[in-house]
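Contents: one structure, followed by commentary.
Computed from the coordinates by the stated procedures, all read-outs in this text should not be read as laboratory data. This one's a predicted model, so the numbers in the text were calculated from it and none came from an experiment. Here the Cβ positions follow ideal geometry from the backbone for every residue, glycine too, while neighbour counts run over all protein chains shown.
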Amino acid sequence: MTKKILLLVTLFFVAFSLVSCGPENSDNPKEPELEEFDPNKEYQLDFLGWGGIAEQKNFQEMISKFMEEYTNVKVFYSAISDTTVYSNNLVNNANSLPDVFYVPDWDYIKWVDSGKLLNLKSYLSEEEIGKLWPMSIDIFRWDAKTKTVGTGEDIYGLPKDLGPSSIVYNKTLMQQLIKDHQLNVELPSATQPMTFTEFKNFLKAFKGLKVDGTRITPITHYDVSTAIYSNNANYYTDDSATTSAITDQNFIDAVQFVADLSIDGLASDYATAGTSNALTRFASQQCLFTWMGPWDMRTYWESLSFEFDIMPVPVGDAQGAKSTTTIGTVAYSVSAASQNKAAAVLLAKWLATSETAATMNYQLGQAMPNIMSMANNEWMNNVGLSGVKLYPATKSVFLDHVKGTETMGGKSRPYYYTYEKTAWDDLMDQLNPVWAGTKKAKDAIQDYAQTFQDKLTKLHKNLE
């Protein structure tokens with residue numbers, strides 16, 4: 001117990017240092033002093049990211065290409081594979097940050113409010129902003145007066161990518177099972193989302209079937225935030241994330257839908273079936289469905305021996321519901337204390353906005369292009385790709401969730417709107433009995449509603 005208290009106290013003072021020692025007052029941010037890039041000057045930059053082996057390989061290639069184009073800039077790229085370790089590393093080194101580094105959506109408010117990120121507004125032209133997905137740049141806007149993300153003119157990050165998550169299925173196995181068992185189902189549509197009820201019935205058609213003597217679980221798990229958003233519900237009454245909305249019936253019904261999938265044997269237990277081993281079970285054909293984002297392309301190309309495809313996330317039965325997936329993102333941010341701001345901004349802009357980087361991103365299987373025209377054309381038409389890299393065939397699903405259609409859309413993950421993700425983490429912990437089937441969603445949520453509200457209030461006070 002003593003060690004736990006000591007750890008909490010230590011983390012508190014580290015976090016306090018993060019938000020209190022910035023080079024500028026975040027309530028009244030100064031206009032950044034624009035530094036011009038000098039092609040005759042030698043620059044050295046430290047660039048820190050995170051990601052698995054595939055992503056690190058991809059970024060090594062992209063950084064090498066950048067240095068070919070800008071021979072006077074030497075970039076020292078390093079990466080940390082674990083996101084928690086990465087986040088803690090940044091906090092522990094808050095007073096000695098790399099020139100360029102990833103800022104995840106779950107830590108964005110904390111970092112932008114600290115005053116330690118360079119305001120990139122003056123470095124960006126309207127032309128550069130205009131060619132990107134609006135959401136990809138708007139998500140890194142910050143209004144210091146109202147302390148809200150997604151609004152205002154100030155921009156403290158450039159998009160690494162937009163990551164719409166969708167459901168991926170083993171197309172080869174599904175076709176085989178439909179034929180062998182004469183199932184009365186068709187392959188999922190890429191344009192017409194199933195309802196929760198339709199999807200549940202679809203999964204039931206495959207329940208109990210075996211592959212090489214092993215009984216399959218239809219889906220590895222179901223993303224709870226996607227279910228909530230797709231049932232016309234939200235965690236908060238608005239994007240300020242100050243007032244809880246978790247007792248809304250639509251919210252409760254969505255949580256119960258996720259739980260029922262596990263209880264009915266259609267999905268693994270949510271509490272133990274996270275993405276850490278989902279790909280392994282999907283690749284070994286223990287499960288027919290799992291989840292996928294554009295960032296997974298290279299891993300899936302290299303790991304899967306079968307054809308796979310994606311479908312829109314199912315839509316809830318609530319009035320006004322729309323198929324709405326979570327869209328995660330990461331910022332390329334520049335340290336306000338960087339001694340080489342011009343070169344650091346150049347690197348961030350090159351990675352986020354250049355056609356060269358966009359082409360490499362999709363051809364390496366790293367990301368959907370940030371540039372709208374390239375996503376709609378080169379990426380969709382597989383320019384420069386061949387063979388297995390043509391999977392998934394219905395990449396348009398990713399685009400539709402980002403662009404928004406009459407039936408499909410996307411929304412930032414819930415912890416993007418709060419100072420840190422603890423309130424969401426704690427809520428998920430409280431829902432473990434619901435996933436296990438020992439408690440109904442309504443009871444668990446009502447029991448925890450006031451505590452959740454108290455946590456939101458406390459997080460909001462961190463910005464005062």
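Shape verdict for the chain, please, from the Cα gyration tensor: rounded (a/c under 1.5), prolate (a/b greater than b/c) or oblate. Could the numbers behind the result be given before it?
Numbers: a/c = 1.91, a/b = 1.30, b/c = 1.47.
Taking the square roots of the gyration eigenvalues as a ≥ b ≥ c, the chain is oblate.
At GLU68 and ASN201, where each label point lies 7 Å from the Cα along Cα→Cβ, what is the point-to-point distance in nanometres?
With each label point 7 Å from Cα toward Cβ, the separation is 5.4 nm.
Classify region 55-140 as rounded, prolate or oblate from the Cα gyration tensor: take a ≥ b ≥ c as the square roots of its eigenvalues, call it rounded if a/c is under 1.5, otherwise prolate when a/b beats b/c and oblate if not. If you can, show how the numbers build up before the last one.
Working: a/c = 1.58, a/b = 1.04, b/c = 1.52.
The shape class here is oblate.
Shape call for region 235-376 from the C-alpha gyration tensor, a ≥ b ≥ c root eigenvalues: rounded (a/c under 1.5), prolate (a/b greater than b/c) or oblate? The partial results should precede the final answer.
On the way: a/c = 2.26, a/b = 1.37, b/c = 1.65.
Oblate.
Taking other Cβ within 10 Å of each residue's Cβ, how do SER412, SER230, SER284 sort, fewest first? Working shown, then result.
Values: SER412 21, SER230 30, SER284 11.
In order of increasing Cβ crowding within 10 Å: SER284, SER412, SER230.
Rounded to the nearest 500 deg cm²/dmol, what is the calculated helix-only ellipticity per residue at 222 nm for the chain, with -39500 (n - 2.57) per DSSP H run of length n ≥ 4? It would help to have the intermediate numbers written out before the result.
On the way: 18 runs with 184 residues, N = 464.
Value at 222 nm, helices only, nearest 500: -11500 deg cm²/dmol.
Counting alpha carbon pairs within less than 8 Å and at least 6 residues apart, what relative contact order, in whole percent, applies to the chain? Working shown, then result.
Details: 848 pairs, mean separation 104.8, N = 464.
Relative contact order, the chain: 23 percent.
How large is the charge dipole for the chain, taken about the Cα centre, if only the Cβ atoms of Lys, Arg (+1) and Asp, Glu (-1) carry charge, to the nearest 20 debye?
Values: 39 positive and 55 negative charges, 232 e Å.
For this selection, approximately 1120 debye.
Just to confirm the filter: which trypsin sites (Lys or Arg not before Pro) across region 175-227 are DSSP coil and have at most 14 other Cβ within 10 angstrom of their Cβ?
Numbers: sites: LYS179, LYS200, LYS204, LYS207, LYS210, ARG215; in loops: LYS207.
The qualifying sites are LYS207.
Using only alpha carbon pairs under 8 Å that are at least six residues apart, calculate the relative contact order of region 190-256 and give it in whole percent. Present the calculation step by step, with values, prior to reporting the outcome.
Values: 49 pairs, mean separation 13.8, N = 67.
Computed over region 190-256, the figure is 21 percent.
Which net charge results for the neighbourhood of TYR448, defined as the other residues with beta-carbon distances under 11 angstrom from its beta-carbon, given Lys and Arg at +1 and Asp and Glu at -1? Can you show the working numbers first?
Working: positive: LYS439, LYS455; negative: ASP426, ASP429, ASP443, ASP447, ASP454.
Charge balance near TYR448 sits at -3.
Got a sec? How would GLU464, GLU307, GLU68, GLU355 order by Cβ neighbour count within 10 Å, fewest to most? Show your work: numbers first, answer last.
Numbers: GLU464 6, GLU307 17, GLU68 9, GLU355 13.
Ordered from fewest to most neighbouring Cβ atoms within 10 Å, GLU464, GLU307, GLU68, GLU355 come out as GLU464, GLU68, GLU355, GLU307.
Take each complete run of DSSP H in the chain, measure how far its Cα atoms stretch along the helix's own axis, and keep only those covering 15 Å or more with mean Kyte-Doolittle hydropathy at least 1.6; list them.
2-20
For SER262, SER338, which order do you get if you count the other beta carbons within 10 Å of each Cβ and list the fewest first? If you can, show how the numbers build up before the last one.
Numbers: SER262 23, SER338 19.
Fewest-to-most Cβ neighbours within 10 Å comes out as SER338, SER262.
Amide H of THR195: which non-local residues (sequence gap of 5 or more, or other chain) have their own amide H closer than 5 Å, using H built in the peptide plane?
Hits under the 5 Å cutoff: VAL315.
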